[in-house]
Amino acid sequence: MNQKKIEFSVGVFVLVGILAILYLAIQIGSSRFVGDDSRVVEARFNNVGGLNEGTNIMIAGVKVGKVGKITLDTENIVAIVELKLSQDIELYDDAIASIKTNGLIGDKFVSLDPGGGGLPLEEGEVIVDTESALDIESLISRFAFGGIEEKNE
């Protein structure tokens, strides 16, 4: 009888341990089984220059969301970037989305200026004002091969 109590206790302990590890893995990975507490808006860029799905979205250096799907609008030749933001983030129709780089050769991220003078952006609406990624390679090649002209005054 005592042996069965010990085996049952060990089994419960192992089960609780496995559930705790599963819970921590889900929390660290920011995954959710039920529901999604984010809302989606879109931004249109001429050049996303290495931006990937899952990239961070930041306002004033604070993470407020992640990049969703990135698709190409073949009619207007622009990249449509889905921005998955926390529900509590308020954006307005004069918001600006910029693609920035962490450091000199770092990863890309989307920086948002939420705006403030206008109507609030609703789920699925588009951020009109965007700044595409800076293409350092084309700048260097333009400079090296004489594409940039100096002004003498």
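Across region 70-90, not a single residue is classified as loosely packed, with under 12 Cβ neighbours inside 10 Å, in a strand (DSSP E or B) and within 16 Å of the chain's Cα centre (by Cα). Only one entry in GLU153, GLU137, GLU149, GLU53 is surrounded by fewer than 15 Cβ atoms within 10 Å (Cβ to Cβ) and at pLDDT 85 or above, namely GLU53. So, GLY49, is that one in contact with a strand residue (DSSP E or B) (Cβ under 6 Å, 6 or more places away or on another chain) and among the small types (Gly, Ala, Ser) or not? Spelling it out, it is not the case that GLY49 is in contact with a strand residue (DSSP E or B) (Cβ under 6 Å, 6 or more places away or on another chain) and among the small types (Gly, Ala, Ser).
Checked against (1) touching a residue at least 40 places away in the same chain (Cβ under 8 Å); (2) in a loop (DSSP other than H, G, I, E, B); (3) under 11 Å from the mean Cα position of the chain (by Cα), GLU53 passes all but condition (1). For region 101-113, filtered to residues that are surrounded by 15 or more Cβ atoms within 10 Å (Cβ to Cβ) and not hydroxyl-bearing (Ser, Thr, Tyr), the residue that is farthest from the chain's Cα centre (by Cα) is ASP113. Count of region 119-134 residues, restricted to those that are part of a loop (DSSP other than H, G, I, E, B) and either out of contact with any Phe, Trp or Tyr (no Cβ under 7 Å at 6 or more places or on another chain) or loosely packed, with under 13 Cβ neighbours inside 10 Å (or both), is 8.
Only one of the numbered conditions (1) touching an Asp or Glu at 6+ places or on another chain (Cβ under 6 Å); (2) at pLDDT below 85 is not met by LYS69, and that is (2). Pairs are defined by a Cβ separation below 6 Å, a sequence spacing of at least 6 or placement on different chains, a first member in region 80-95 that is within 12 Å of VAL64 (Cα to Cα), and a second member that is among the basic types (Lys, Arg); the pairs so defined are LYS84/LYS66; LEU85/ARG39; GLN87/ARG39.
The values are calculated or read from the model by the stated rules, or taken from the named source; none is laboratory data. Treat the numbers as computed from the prediction; the structure is a model and nothing was measured. As a convention, Cβ positions derive from the backbone with ideal geometry for all residues, glycine included, and neighbour counts pool all protein chains shown.
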